Amino acid sequence: MIVEPARAVDRHADTVSLRGARLAFGDRVLWDDLNLSASRGEFIAVLGPNGSGKTSLLKVLLGQLALSAGVALVDGKPITSCSGRIGYVPQHHPMDADVMLRGRDMVRLGIDGQRWGAIPLRSAERARRRAAVRHALRQVNGEHLADVRVGKMSGGELQRIRIAAALVSDPMLLLCDEPLLTLDPANVKLVSALIDSRRRDAGTMVIFVTHEINAILPYVDRVLYLVDGRFRVGTVDQVMTSETLSELYRADIQVVKVKGSYVVVGAPDGGCDG
């Protein structure tokens, strides 16, 4: 079921390794016997209709869901909820205008999480964290947002801050759950480029859940396409074909490439196109 093309990326120890992975909720199987090995600096897009297990895959890698069977490793180690150096960029949701949190405060949450402000720190550690926050803001061209209240930010500005929060701990793996949703075209381009810049500069592996393959097409190395417990792994050209998607959906699906973009016709419930 799986296509594993030769990859030009560096073959260090795999950043992510799934072997015989199965995820089921009672009789409902999201995916079974999923095998995926991915290396540093690789950009993998996860596509498929709603309910196919895309976000659940991220939850497995975050240690929030346990596999029903099989093995999941990050950096060669079993995953726990405390696994380090994993950044997470959620879907965009606007913040209430009355929220007092500033940009720098939200980025710092990427270091401290729920412990934010609860543990006294030595001056050297406070200085180190302040420097890490400044560096993360620089990576997303967001220094000017440090003291802006998040409830006053535009969608693109807020997503930049969320990316900075995901980068502040210097992750080797960046998990992105439809981070382009609801953004306008200019911010879609900006956010995509920022994530790609991080993986190129730092060798961070990216797993990017999306319904909009065309927005990230220039950056994608491989695609994992999930449909009703079936899946394919391969390059964009291998997976985004009429034959492959028709087999996955068990329906007549037509994939047309127009001026470098893919148009999918006939896929129910969120088939991925641009």
- request: Kindly list, by first and then second residue, each pair from a residue in the range 229-241 that is within 21 Å of residue 218 (Cβ to Cβ) and assigned to a helix (DSSP H, G or I) to a residue that is among the β-branched types (Val, Ile, Thr) and modelled with pLDDT of 95 or more, limited to pairs with Cβ atoms under 7 Å and residues at least 6 apart or on different chains.
  value: 236/220; 236/223; 239/223
message: For the range 156-167, check the following and say yes or no: at least one residue is in contact with a strand residue (DSSP E or B) (Cβ under 8 Å, 6 or more places away or on another chain), buried (at least 19 other Cβ atoms within 10 Å of the Cβ) and of a type in the set (Val, Ile, Thr).
response: yes
- line: All-but-one check, residue 187 against (1) assigned to a helix (DSSP H, G or I); (2) not assigned by TED's automatic domain parsing to the domain that holds residue 76, failing number (2)
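Looking only at the range 39-53, decide whether some residue is closer than 26 Å to residue 238 by Cα, of a type in the set (S, T, N, Q), surrounded by fewer than 17 Cβ atoms within 10 Å (Cβ to Cβ) and modelled with pLDDT under 95. It would help to see each step written out before you state the result.
Just the residues of the range 39-53 that are closer than 26 Å to residue 238 by Cα, to begin with: 39-53.
Filter once more, so that each one left must be of a type in the set (S, T, N, Q): 39, 50, 52.
Adding the requirement that they be surrounded by fewer than 17 Cβ atoms within 10 Å (Cβ to Cβ) leaves 50.
Subsequent filtering for residues that are modelled with pLDDT under 95 retains 50.
Scanning the range 39-53 turns up at least one residue that is closer than 26 Å to residue 238 by Cα, of a type in the set (S, T, N, Q), surrounded by fewer than 17 Cβ atoms within 10 Å (Cβ to Cβ) and modelled with pLDDT under 95.
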task: Scan the range 201-216 for residues that are within 14 Å of the chain's Cα centre (by Cα), in a loop (DSSP other than H, G, I, E, B) and farther than 19 Å from residue 60 by Cα and jot them down.
output: 211, 212
message: Pairs needed: first member in the range 40-68, closer than 21 Å to residue 268 by Cβ; second member anywhere, among the polar types (S, T, N, Q); C-beta distance under 7 Å; at least 6 residues apart or different chains.
response: 45/210; 47/210
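In the range 220-235, is there at least one residue being of a type outside the set (Gly, Ala, Ser) and within 15 Å of residue 192 (Cβ to Cβ)? Outline the logic, then answer.
Step one: of the range 220-235, the residues of a type outside the set (Gly, Ala, Ser) are 220-228, 230-233, 235.
Keeping just the survivors that are within 15 Å of residue 192 (Cβ to Cβ) gives 220-221.
So far as the range 220-235 goes, yes, one or more of its residues are of a type outside the set (Gly, Ala, Ser) and within 15 Å of residue 192 (Cβ to Cβ).
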Unmet requirement for residue 215, which otherwise passes all of (1) modelled with pLDDT under 95; (2) under 30 Å from residue 25 (Cα atoms); (3) among the aliphatic types (A, V, I, L, M): (2)
- request: Identify the single condition in (1) within 23 Å of residue 193 (Cα to Cα); (2) surrounded by 14 or more Cβ atoms within 10 Å (Cβ to Cβ); (3) modelled with pLDDT of 90 or more that residue 138 does not satisfy, given that it satisfies every other one.
  value: (2)
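If I ask for residues that are surrounded by fewer than 18 Cβ atoms within 10 Å (Cβ to Cβ) and not charged (D, E, K, R), which ones from the range 18-38 would you list? Before the answer, list the steps.
We begin by selecting, within the range 18-38, every residue surrounded by fewer than 18 Cβ atoms within 10 Å (Cβ to Cβ); these are 19-20, 22, 24-29, 32-33, 35, 37.
Within the range 18-38, 20, 24, 25, 26, 29, 35, 37 meet the criteria.
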- line: Note on the range 141-188: residues over 24 Å from residue 127 (Cβ atoms) and small (Gly, Ala, Ser) are 151, 154, 155, 156, 186
- request: Evaluate the range 247-268: report whether one residue or more is of a type outside the set (D, E, K, R) and part of a helix (DSSP H, G or I).
  value: yes
task: Sort out which residues of the range 173-219 are within 15 Å of residue 41 (Cβ to Cβ), surrounded by fewer than 20 Cβ atoms within 10 Å (Cβ to Cβ) and among the hydrophobic types (A, V, I, L, M, F, W, C), and write them in order of number.
output: 202
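Would you say residue 103 is at pLDDT 95 or above, of a type outside the set (Lys, Arg) and surrounded by 15 or more Cβ atoms within 10 Å (Cβ to Cβ)? I'd like the intermediate steps shown before the answer.
Details: at pLDDT 95 or above: yes; of a type outside the set (Lys, Arg): yes; surrounded by 15 or more Cβ atoms within 10 Å (Cβ to Cβ): yes.
So residue 103 passes the test.
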- request: Could you please find all residues in the range 217-228 being assigned to a loop (DSSP other than H, G, I, E, B) and not β-branched (Val, Ile, Thr)?
  value: 217, 218, 219, 221, 228
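The values are calculated or read from the model by the stated rules, or taken from the named source; none is laboratory data. This is a predicted model, so every value here is computed, not measured. Positions of Cβ are backbone-derived with ideal geometry, glycine not excepted, and every protein chain shown enters the neighbour counts.
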